[in-house]
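S.K.: Quick one: the structure is below, and I'll ask about it shortly.
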Amino acid sequence: MSYDLSLFRPRPGFDPTSNSEDSNEFEPKARDPVVEEQKRRVADALIRTNAELEPFQLRYAEIAKFQGITEEEARRRFRYIELNGPKNGNGVQITIFDSRASIHIPFWHTGDKAFATLREVWSYLRVFASHGFATYDPQIERVLNVEADFKLVIDSYGAGVEFTRDVADRIRRGEIDPETL
């Protein structure tokens, strides 16, 4: 489980609570060099913000085999950029698609570590904002004001950590069957 943030480019009539436009990023689309360059610029800016972020190298041959498609088709379908921190880091994962992005924060952190992790994520939100993105937080069901909503998000994240730990404890005690979740 993770705390998830959805980034999007605001435009008239777009509903950030709906994934209708980009619900399937993996459908074959024509590769647009302008879009690919935009994604690369955002990824580069994020890496400048945190030099420990590294692009995940997709294994197209394995994807093709698993999907029953050619490697060329796998490269066409799976064009997103995924950025991850170091192996023993905070577990934050950023994925940049053609017209949206997402940030996933695992429910591992408490106290000062949670605060530091969300401060790091906040620096990423500022980078996205400088590239024309807004952030929707589905946990609190609203578009975030990056300048004003940090405390609201950290409180929501803390509640998510507590809930996750409670469920895990109840599973260990046999009070909840994990198959029913």
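S.K.: Length gain on complete extension for the stretch R126 to F78, per 0.36 nm per residue less the alpha carbon to alpha carbon distance?
M.R.: Using 0.36 nm per residue and subtracting the Cα-Cα distance, I get 14.7 nm.
S.K.: Still on this structure, please answer the following. Measure off 7 Å from each Cα along the Cα-to-Cβ vector at E71 and F115, then give the distance between these two points in nanometres to one decimal.
M.R.: Between E71 and F115, the label points sit 5.0 nm apart.
S.K.: As I understand it, the dipole of the chain uses +1 on the Cβ of Lys and Arg and -1 on the Cβ of Asp and Glu, about the Cα centre. Which of P55, P106, F163 lies farthest toward its positive end?
M.R.: Selected residue: P55.
S.K.: Kindly express, to the nearest 10 degrees and within the range 0 to 90, the angle between helix 33-49's C-alpha long axis and the longest C-alpha principal axis of the chain.
M.R.: Between helix and principal axis, roughly 40 degrees.
S.K.: Another one. Among A45, A64, A30, which one shows the biggest mean-square fluctuation in a GNM of the chain, springs joining Cα atoms closer than 10 Å?
M.R.: Top of the fluctuation ranking is A30.
S.K.: Give, rounded to the nearest 20 debye, the magnitude of the charge dipole that the range 2-180 has about its Cα centre when Lys and Arg contribute +1 at Cβ and Asp and Glu contribute -1 at Cβ. The partial results should precede the final answer.
M.R.: Numbers: 25 positive and 31 negative charges, 95 e Å.
Roughly 460 debye for the range 2-180.
S.K.: Quick one: if the Förster radius is 45 Å, what FRET efficiency do V35 and R173 give, using the C-beta to C-beta distance and rounding to 0.05?
M.R.: Given R0 = 45 Å and the Cβ-Cβ separation, E is 0.35.
S.K.: Starting from the 7 Å offset along Cα-to-Cβ, what nm value, one decimal, do you get for the label separation of L58 and T164?
M.R.: For L58 paired with T164, the spin-label model returns 2.6 nm.
S.K.: May I pose another question? Semi-axes, largest first, in whole Å: what does sqrt of 5 times each Cα gyration tensor eigenvalue give for the range 67-121? Write out the running numbers ahead of the final one.
M.R.: Values: eigenvalues 189, 28, 13 Å².
That gives 31, 12, 8 Å for the three semi-axes.
S.K.: Based on DSSP loop calls and a cut-off of at most 14 other Cβ atoms within 10 Å, the longest stretch of the chain free of exposed trypsin sites (Lys or Arg not before Pro) is what? Please report the intermediate quantities before stating the final value.
M.R.: Numbers: sites that count: K29, R31, R59, K87, R173.
Answer from the scan: 88-172.
S.K.: Considering lysine pairs in the range 2-180 that are 8 or more places apart or on different chains, how many have Cα atoms under 25 Å apart?
M.R.: Pairs that pass both the separation and distance tests number 5.
S.K.: With contacts defined as alpha carbon pairs under 8 Å and 6 or more residues apart, what's the relative contact order of the chain in percent?
M.R.: 30 percent
Rule-based calculations on the coordinates, nothing more; no lab input. Remember, predicted model here, so these are calculated numbers, not experimental data. With ideal geometry, Cβ positions are generated from the backbone for all residues, glycine too; neighbour counts draw on all protein chains shown.
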